[in-house]
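Data block below; observations after.
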Amino acid sequence: MNVTCPECGAEWELSGVEQGEIVTCPDCGVDLEVLTTNPATVGLAPEEGEDWGE
Amino acid sequence: MATVGVLCARGRVEEKALMAALAEAGIVSALFPPTDEPLPVGPLFPMASGRSFPVPQIVVDRHPDRQIARAVLATCRALDVPGLCAGIAAAGDRLDVASALAAKGLPRPETALCTSENAGLAAVAAMGLPATVLPLDLKSQPIDLPDIDTAEAVLEHRSVLGGSEGSLGLVQAGTPPPENVVTIFVIDGVATALETSMAMGVSVEVLRLAEQTARALFADVIAVVIALTPSGPIVWDVRPVPEFRHAQALTELSVPQAIAQAVQHRLEPVSAPRLPSDSTPDWTNLVTQGTRRDLVISA
Ligand SMILES: [Zn+2]
């Protein structure tokens, strides 16, 4: 199933992944979190470190 | 090396659109600096590999991490590579921006610089609520303080977990609702596009305020966030590296096309001024106008 990278707009086929898994965009290299698997959607993975007060 | 270096961590939608617009204008571009390549400091010398460092003719600042952007822009200036950037907002933080705009008398919200949790609480008590905390680093999002419980929790949390960086911030009076906020993209001094959820149209007064803001900050490319208040429009915040994928064009050019045009103007050869035969040449003026130094626009 095709997913679209929210960072760079690239589309590619993503299969065999689980919800919550971190994948890397093959185009821009950003870390993405698998939000849903059916249909497959991805969002920007949360950055490391505590996001204090934001 | 490409003519234009697009300074960024990776090519997002905006950088891809910009590079496409540059290509459309016949200008070769590449992401900059090259991945895993150390940058030279000062005059060029051959790299350890024996190759010379690939220096672009001009750099467009699109880096989301302002700390990295500041370092690379400073290095570019040292290498005599001009940069297209947000000027004071590219080189500085929200305090630098607020100070520069205040010095020019541009309308801003009541603002206090707070260096501690207690200072933040005192500012909120003096201004009233709602208020907004704006971290000094321009990449951090403003935080709404709708009521005193939230204000206390946010200010304490930032101070305890964020150390001195978290204790420092601007507190601005009010929290403008999204329907009273418009973001204007100013490129080379001209309001080029906007983004808003406002129902009504944007007045010329708002566009001019955005352009004045860009001028005051010596910004080539910037997004100015303007809040509409009962007493008129005020400059709420600025974005040195704005996302523009949802921007609505105000001119015949899209944001990436307008940036490409700004690049093109800077790449045009600086023509030597013709001297009138019967007058003494003004050499001071000639020197400042004739070198590439005058293309270094970042602050
Ligand atoms: Zn991507």
Whenever you get a sec, compute what percent of the accessible area on segment A:2-44 sits on carbon and sulfur atoms (1.4 Å probe).
42
Of the candidates B:Arg12, B:Arg266, B:Arg108, which one comes out as most mobile in a Gaussian network treatment of chain B with C-alpha springs shorter than 10 Å?
B:Arg12
Per residue, how big is the convex hull of segment B:1-157 when only Cα atoms are used? Give it in Å³.
162
Rounded to whole Å², per residue accessible area for segment A:2-44 with a 1.4 Å probe reads 56
Carbon plus sulfur fraction of accessible area for segment B:110-173, probe 1.4 Å, in percent
52
Net charge (Lys, Arg +1; Asp, Glu -1) of residues whose beta-carbon lies under 14 Å from that of B:Ala193, B:Ala193 excluded, is -4
Per residue, how much accessible area does segment B:62-182 have with a 1.4 Å probe, in Å²?
41
Kirkwood-type radius of segment A:2-44, with distances r between different C-alpha atoms, in Å
9.9
Share of accessible surface on carbon and sulfur in segment B:4-84, whole %, 1.4 Å probe and ligands ignored, is 60
List the pair-distance distribution P(r) of chain B, using every Cα-Cα distance, as the percent of pairs falling in each 10 Å bin from 0 up to the bin containing the longest distance, rounded to whole percents.
6, 25, 30, 23, 12, 4, 1, 0
If packing is taken as the mean number of other Cβ atoms within 10 Å per residue, what is the order of B:80-91, B:142-153, highest first?
B:80-91, B:142-153
Based only on Cα atoms, what mean projected area does the convex hull of segment B:110-173 have, in nm²?
3.5
What residue among B:Val202, B:Val59, B:Val235 has the largest mean-square fluctuation in a Gaussian network model of chain B, using Cα springs under 10 Å?
B:Val202
Net charge within 12 Å of B:Val59 by Cβ-Cβ distance, Lys/Arg positive one each and Asp/Glu negative one each, not counting B:Val59 itself?
0
How much accessible surface does B:Met127 have with a 1.4 Å probe, in Å² rounded to 10?
40
Report the trypsin sites (Lys or Arg not before Pro) located in segment B:172-257 that are in a DSSP loop and have at most 16 other Cβ atoms inside 10 Å of their Cβ, or state none.
B:Arg245
For every helix of n ≥ 4 consecutive DSSP H residues, a contribution of -39,500 (n - 2.57) applies; sum these over the protein assembly as shown, divide by its total residues, and give [θ] at 222 nm rounded to the nearest 500 deg cm²/dmol.
-9000 deg cm²/dmol
Heavy-atom accessible surface that A and B bury in contact, both chains counted, 1.4 Å, Å² to 100
1100
hull vol. (C-alpha, convex hull) per residue for the protein assembly as shown, Å³ -> 198
Angstrom value of the Kirkwood radius, inverse mean 1/r, which spans all Cα pairs in segment B:4-84:
13.1
Test assert for segment B:153-183: residues whose accessible surface shrinks by at least 30 Å² between chain alone and all chains, 1.4 Å probe, equal B:His157, B:Arg158, B:Leu161
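The values are calculated or read from the model by the stated rules, or taken from the named source; none is laboratory data. Just so we're clear, the structure is a prediction, and the values are computed from it rather than from any experiment. Every residue, glycine as well, gets a Cβ built from its backbone with ideal geometry; the counts of neighbours run over all protein chains shown. Calculation scope for accessible area: heavy atoms of the full protein, side chains included, ligands and nucleic acids excluded. Shrake-Rupley method; radii C 1.70, N 1.55, O 1.52, S 1.80 Å.
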